[in-house]
Ligand SMILES: Nc1ncnc2c1ncn2[C@@H]1O[C@H](COP(=O)(O)OP(=O)(O)OP(=O)(O)O)[C@@H](O)[C@H]1O
Ligand SMILES: C=C(C)CCOP(=O)(O)O
């Protein structure tokens, strides 16, 4: 069981609103299709928001903790994410990957403390039936807040826990977590060891960039890898490129 996140920073141009990086998405879809042809069986894909979700969330002042009670605002974010999801699905379908959408806004919710409840029965059944479920960062009902943003990273962590993933990969725009000299850090086992070099995203991003990613992954039982697009094929082939979060 592999849970793979395609970072929004990879598959979109994060500096221009609602702009796809079609070439990067093609490369990612090629790697996924090759891995499935090569024998990978259970694969769940999650993609991030990039210049689709983050742009609208930021315009409306919505974050993972500050919500909205305006349906139009929630639908701006959710609609943009569905548009991006359709791009991802169509590039995978073109390569005969049996990819189908799972929209978290219709499935998950948070309690008043922010605790996430993400049902996974549909994901498990889709996997058993030979599909590749494709989830995405989205809006989510949030007790006491209206609706807030849920990041793809949080979905990855929850899916990995509930589906007992063997391998977890986050493909981002950087080749791993970088130290203060921009060298890739090989392994991270404690947040404090790297806190000084971890930051938010350079682009518009309401979910916390690399710092939030590392925090979410450190909580998991299984190891996770953060790597760049050039290493996606090798990750799907069984290697641990980039930074390993223990
Ligand atoms: N120490 C660090 N090493 C690497 N990147 C870092 C570091 N600190 C901050 N960053 C920022 O984190 C970004 C990656 O996080 P980001 O959330 O943008 O990625 P993503 O998950 O690919 O995209 P999205 O959130 O849109 O899905 C990098 O592009 C960089 O700007
Ligand atoms: C902004 C939205 C809706 C999605 C955020 O997901 P992420 O890019 O994985 O942080």
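Largest first and to the nearest Å, give the Cα extent of region 2-245 along each principal axis.
The principal-axis extents, from largest down, are 45, 43, 34 Å.
Report the dimensions of region 1-72 along its three principal axes from the alpha-carbon atoms, largest first, rounded to Å.
Cα extents, longest axis first: 45, 26, 17 Å.
Can you tell me the FRET efficiency between residue 90 and residue 239 if r is taken as the Cβ-Cβ distance and R0 is 25 Å, rounded to the nearest 0.05? Numbers along the way, then the final one.
Numbers: r = 28 Å, r/R0 = 1.14.
Once rounded, the FRET efficiency stands at 0.30.
Can you grab the distance from the C-alpha centre of region 70-102 to the C-alpha centre of region 178-246, Å, no decimals?
25
What's the extension gain from residue 34 to residue 124 if we count 0.36 nm per residue and subtract their Cα-Cα distance? Before the final figure, lay out the partial values.
Working: separation 90, 0.36 × 90 = 32.40 nm, distance 2.23 nm.
Computed gain between residue 34 and residue 124 is 30.2 nm.
Quick one: order 106, 175 by neighbouring beta-carbon count within 10 Å, fewest to most. Please list the in-between numbers first.
Details: 106 11, 175 18.
Ascending Cβ contact count within 10 Å gives the list 106, 175.
So what is the diffusion coefficient of region 50-176 in µm² per second by Stokes-Einstein at 4 °C and 1.567 mPa s, using a Kirkwood Rh over Cα pairs?
Numbers: Rh = 15.3 Å.
It diffuses with D of about 85 µm²/s by this estimate.
Which of 81, 1 comes first, and how do the rest follow, when ranked by fewest Cβ neighbours within 10 Å? Don't skip to the answer; put the middle values down first.
Numbers: 81 29, 1 18.
Least to most surrounded, the residues fall as 1, 81.
Among 75, 92, which comes first, then next, by fewest other beta-carbon atoms within 10 Å? The partial results should precede the final answer.
Numbers: 75 15, 92 22.
Arranged by neighbour count, lowest to highest, 75, 92 become 75, 92.
If you restrict to DSSP beta bridges whose two residues both lie in the chain, what percentage is antiparallel, to the nearest 5?
Numbers: 13 of 38 bridges.
That works out to approximately 35 percent antiparallel.
Using a Förster distance of 22 Å, how high is the FRET efficiency between residue 223 and residue 23, based on the Cβ-Cβ distance and rounded to 0.05?
Values: r = 30 Å, r/R0 = 1.36.
Step by step, r from the Cβ atoms, then E = 0.15.
We did not get these values from a lab; they are worked out from the coordinates using the rules stated. Source: prediction; values computed, not measured. Cβ coordinates were reconstructed from backbone atoms using ideal geometry, including for glycine residues, and neighbour counts include every protein chain displayed.
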